[in-house]
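The values are calculated or read from the model by the stated rules, or taken from the named source; none is laboratory data. Just so we're clear, the structure is a prediction, and the values are computed from it rather than from any experiment. We place every Cβ from the backbone using ideal geometry, glycine too, and count neighbours over all the protein chains shown.
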Amino acid sequence: MSDEERPDGPERAEEPVQEPVQELTGRQRLVAGLWPPRVTRAQLTVAVLLFVLGLGLAIQVRSTSDNSALRGARQEDLVRILDELDDRTQRLEDEKQRLAAQRTELENSSDQAEEARKQTVEKERQLGVLAGTVAAHGPGITLTVHDPGDGVKADMLLDALQELRAAGAEAIEVNGVRVVANTYFSGEGGHVAVDGRKITEPYVFKVIGKPQDLEPALNIPGGVVQTLEKEQATVRVARADDIVVDALRRAEQPDYARSSSP
């Protein structure tokens, strides 16, 4: 007798129950195929190109619409629009020329003002050199007079000064005293004074000017050098490329004279 026929035999194992497979509808399959989206690089490129193409078409259509408005305008309207454009162009051109003229005027004014300022500064420097209120330097000579016997008088030194001025001296200093237009010499040999300031030998003239003119003017026959040497003085004239005249005079305010410039 088999196990199945035995009432006390082992129970037979139950087979698993398979649930029926639910078929998807066509709409569900469509949704499953479209979501989540699977975008490839080629598809993205095509989408961008289509967007750009659409944007260009839209701009073209708008431009065409604008031009069509002008095409539909009357001849009188078109003439008026052209006249307005011409007037606007002319106004802009006039404004451009006006601004260009202002710029040129400002540039010229600035240049003139700067040039005037430079000339004023240069003129002030030149007058300061002549007045002795500013230091000066340049080529020139040094005239040194040794007078151990006190034979050199004030008029002899004045003659030397006048000879130097006539030869083109531009700045002169004598023993630390700046020579100006009203400078004078006084006193006898051994007691010479310049503008009231006593000086002692050796008498040293520092002179700025053209050395080729200054030195011959002192050495002419019967001139300054020979006159001083007759008084047993020793005279030496030395050229130099750079003579420094730094003795200064105080600028004096005139008592009565006033400028006539407005």
_Among the residues of the stretch 201-219, are any in a loop (DSSP other than H, G, I, E, B), among the aliphatic types (A, V, I, L, M) and assigned by TED's automatic domain parsing to the domain that holds Gly140?_
no
*Given the residues Thr89, Thr144, which is the only one that is hydroxyl-bearing (Ser, Thr, Tyr), in contact (Cβ under 8 Å) with a residue 40 or more places away in the chain and either farther than 24 Å from Pro254 by Cβ or touching a His at 6+ places or on another chain (Cβ under 6 Å) (or both)?*
Thr144
*Keeping to the stretch 179-215, report how many residues are more than 48 Å from the chain's Cα centre (by Cα) and among the acidic types (Asp, Glu).*
2
*asked:* Tell me whether the stretch 168-188 contains one or more residues that are under 24 Å from Glu229 (Cα atoms), among the charged types (D, E, K, R), part of a helix (DSSP H, G or I) and in contact (Cβ under 8 Å) with a residue 40 or more places away in the chain.
replied: no
*Which of the following residues is loosely packed, with under 15 Cβ neighbours inside 10 Å and closer than 23 Å to Arg250 by Cβ: Gly176, Gly149, Gly132, Gly222?*
Gly176
*Number of the exception - Gln232 against (1) surrounded by 18 or more Cβ atoms within 10 Å (Cβ to Cβ); (2) in a loop (DSSP other than H, G, I, E, B)*: (1)
_Could you check the stretch 148-180 and list, in sequence order, the residues that are farther than 22 Å from Gly128 by Cβ and of a type in the set (Asp, Glu)?_
Asp150, Asp155, Asp159, Glu163
